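Data first, discussion second: the structure below is written as structure tokens.
The values are calculated or read from the model by the stated rules, or taken from the named source; none is laboratory data. Note that the structure is predicted; figures quoted are calculated from it, not measured. Because the Cβ atoms are built from the backbone with ideal geometry, glycine has one as well, and the counts that use them run over all protein chains shown. The area values use the complete protein model at the heavy-atom level, side chains included, leaving out ligands, DNA and RNA. Shrake-Rupley method; radii C 1.70, N 1.55, O 1.52, S 1.80 Å.
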Amino acid sequence: MTGPSKQRGWAGLIRAAVLGLALLLTGCQPGPPAPPPSSGAPVSPGTSRPPATPEPSSPAVPSPPGTSSPTRPSPAEPSASPEPGSVHFTAQGDIGLSTGAWDVLDTIRGLRPELNLALGDFSYEAGREQDFCDMVTGKLGGGFAYQVVTGNHESDGHDGDIANIVNCLPNRLSGLQGEYGIQWYADYPERNPLVRFIMVSPGIEFHDGNTLDYSRGSERWQWTAAALDGAKSKHIPWTVVGMHTPCLSVGKYGCQAGRDFTNLLIDKKADLVLTGHDHIYQRSHQLGAGQGCPALVPDTFSGGCLADSNGPMVQGAGTVFATVGTGGVGLYEVHDQDPEAPYFATWSGKNRDAALGTLDVTATADRLSARFVPAAGYSFTDTFEIGRK
């Protein structure tokens, strides 16, 4: 090949080589990045979306009785995105490590709250606090706000230690004030809060064999009063107090929280007081002080202390007391003829409508709505609502 023909041939070969090289380089370019894996972790408190990366896998936790080997819990579902202008939480105490505790945690997981108030008595065995924490995080997720206050079984170290529980189930609420696990409060959500949660520890012994002093005028009394007053001064719609020991009960125990301290909560018009200790469920009418009830006296009944009787409950009329000692351990009997029974709207125990389960609460600016949700295999329920004027 000579002359123009040879030149045209070389030009054709060059064009083909350039085209092939271009195609090769195009095939080597990276495509769009793969989407990140979706997260199964619960929504962090105060947020509406799950984090972009998944929680690390949970460690294996002890199997419930009747199984032969440790099992890895199912990954936690994400928390439900809260309705705008609402707070959704659950509460229960007296939990343990039995199958009952697993069933109640499954119930909580299905409700998908933003946070849970754990009202004391956790592992029931010294040295097994980490097992308890692993059970909780395995069911609800490592970042879930499982907020604790001590019960008598871990306050003195004999059946566990609250310091160990706090270490493996740390506070998840921003702006918390006080000593987490013992006496604290937090406003939720942090911006434009709807609820002030106040957790205290009257009536239980600690390592030195002494109870914390919540007597009239004491430092802890004044702290509690200031926390309740502070919520009102900040115009926070609802105050919810949590503690392990009740005062009024149709169950096993008397007024371990203290008569004067209980009357403080009524005088300060706490909206809802949550307790455990008695392994039952009970929920009072609204109880209020006034001309017909200068003070509530345990082990007796005064009709003048009933603020709502059976009518609608309105904020400011009185305080509702709910014992939710149904978190997993064996139930106690209830006593229909207890002198304090007329203060209560409903109750459930070993010998009457037995049920493990949790209280499920939703608060908005206008109302606080609650229901008892039984664990699988139980049928007892309760619902109540407090409206704002």
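Considering 140, 115, which residue is within 22 Å of residue 322 (Cα to Cα) and in contact (Cβ under 8 Å) with a residue 12 or more places away in the chain?
None of the other options fit; the residue is 115.
Give me a count of the residues in the stretch 157-187 that are of a type in the set (Asp, Glu) and without any contact (Cβ under 8 Å) to a residue 12 or more places away in the chain.
Of the residues in that region, 1 qualify.
(1) over 24 Å from residue 270 (Cβ atoms); (2) open to solvent by 30 Å² or more (accessible area, probe 1.4 Å); (3) not in a loop (DSSP other than H, G, I, E, B): which one isn't true of residue 185, the others all being true?
(1)
Of everything in the stretch 280-318, what is outside any strand (DSSP E or B), open to solvent by less than 10 Å² (accessible area, probe 1.4 Å) and either closer than 26 Å to residue 351 by Cβ or of a type in the set (Val, Ile, Thr) (or both)? Give them in sequence order.
280
List the residue pairs whose Cβ atoms are under 7 Å apart, where the first residue sits in the stretch 143-154 and is touching a residue at least 60 places away in the same chain (Cβ under 8 Å) and closer than 18 Å to residue 241 by Cβ, the second is open to solvent by 10 Å² or more (accessible area, probe 1.4 Å) and assigned to a helix (DSSP H, G or I), and the two are 6 or more positions apart or on different chains.
150/162
How many of the residues making up the stretch 228-246 are open to solvent by less than 10 Å² (accessible area, probe 1.4 Å) and either of a type in the set (A, V, I, L, M, F, W, C) or over 16 Å from residue 192 (Cα atoms) (or both)?
10
Give all pairs with beta carbons closer than 8 Å in which a residue from the stretch 370-384 that is among the aliphatic types (A, V, I, L, M) meets a residue that is open to solvent by 80 Å² or more (accessible area, probe 1.4 Å) and assigned to a strand (DSSP E or B); count only pairs at least 6 apart in sequence or on separate chains.
Pairs that qualify, where the first residue is among the aliphatic types (A, V, I, L, M) and the partner is open to solvent by 80 Å² or more (accessible area, probe 1.4 Å) and assigned to a strand (DSSP E or B), are 370/383; 370/385.
If you check every pair at least six apart or on different chains, which have Cβ atoms under 6 Å apart with a residue in the stretch 324-352 that is touching a residue at least 60 places away in the same chain (Cβ under 8 Å) first and a residue that is open to solvent by 50 Å² or more (accessible area, probe 1.4 Å) and in a strand (DSSP E or B) second?
Final answer for the pair search is 334/352.
Looking only at residues in the stretch 319-330 that are touching a helix residue (DSSP H, G or I) at 6+ places or on another chain (Cβ under 9 Å) and either open to solvent by 30 Å² or more (accessible area, probe 1.4 Å) or hydrophobic (A, V, I, L, M, F, W, C) (or both), which one is nearest to residue 267 (Cα to Cα)?
Filtering first and then ranking leaves 321.
For residue 367, only one of the following conditions fails: (1) closer than 20 Å to residue 252 by Cα; (2) without any contact (Cβ under 8 Å) to a residue 24 or more places away in the chain. What is its number?
The single condition residue 367 does not satisfy is (1).
Results for (1) closer than 26 Å to residue 360 by Cβ; (2) modelled with pLDDT of 95 or more, shown as yes or no for each residue.
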| position | (1), (2) |
| --- | --- |
| 258 | no, yes |
| 270 | yes, yes |
| 283 | yes, yes |
| 292 | no, no |
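Identify all residues within the stretch 331-353 that are open to solvent by less than 40 Å² (accessible area, probe 1.4 Å) and in contact with a strand residue (DSSP E or B) (Cβ under 7 Å, 6 or more places away or on another chain); write none if there are none.
331, 334, 343, 344, 346, 347, 348
Would you check which residues across the stretch 205-254 are part of a strand (DSSP E or B), farther than 26 Å from residue 386 by Cα and either touching a residue at least 60 places away in the same chain (Cβ under 8 Å) or charged (D, E, K, R) (or both) and list them?
205
How many residues are out of contact with any Lys or Arg (no Cβ under 8 Å at 6 or more places or on another chain) and either buried (at least 16 other Cβ atoms within 10 Å of the Cβ) or closer than 22 Å to residue 317 by Cα (or both) when one looks only at the stretch 371-389?
Count: 7.
Among what's in the stretch 191-217 and is open to solvent by less than 10 Å² (accessible area, probe 1.4 Å) and among the aliphatic types (A, V, I, L, M), pick the residue that is nearest to residue 365 (Cα to Cα).
The residue in question is 195.
Looking at 116, 171, which one is within 30 Å of residue 368 (Cβ to Cβ), outside any helix (DSSP H, G or I) and open to solvent by 30 Å² or more (accessible area, probe 1.4 Å)?
After ruling out the rest, the residue left standing is 171.
Which condition from (1) in a helix (DSSP H, G or I); (2) more than 20 Å from residue 179 (Cβ to Cβ); (3) out of contact with any Leu (no Cβ under 6 Å at 6 or more places or on another chain); (4) open to solvent by 10 Å² or more (accessible area, probe 1.4 Å) is the one that residue 159 breaks?
Evaluating residue 159 over (1) in a helix (DSSP H, G or I); (2) more than 20 Å from residue 179 (Cβ to Cβ); (3) out of contact with any Leu (no Cβ under 6 Å at 6 or more places or on another chain); (4) open to solvent by 10 Å² or more (accessible area, probe 1.4 Å) leaves (1) as the failure.
Just for the stretch 124-134: of the residues that are part of a loop (DSSP other than H, G, I, E, B) and either of a type in the set (D, E, K, R) or open to solvent by less than 10 Å² (accessible area, probe 1.4 Å) (or both), which one is nearest to residue 166 (Cα to Cα)?
128
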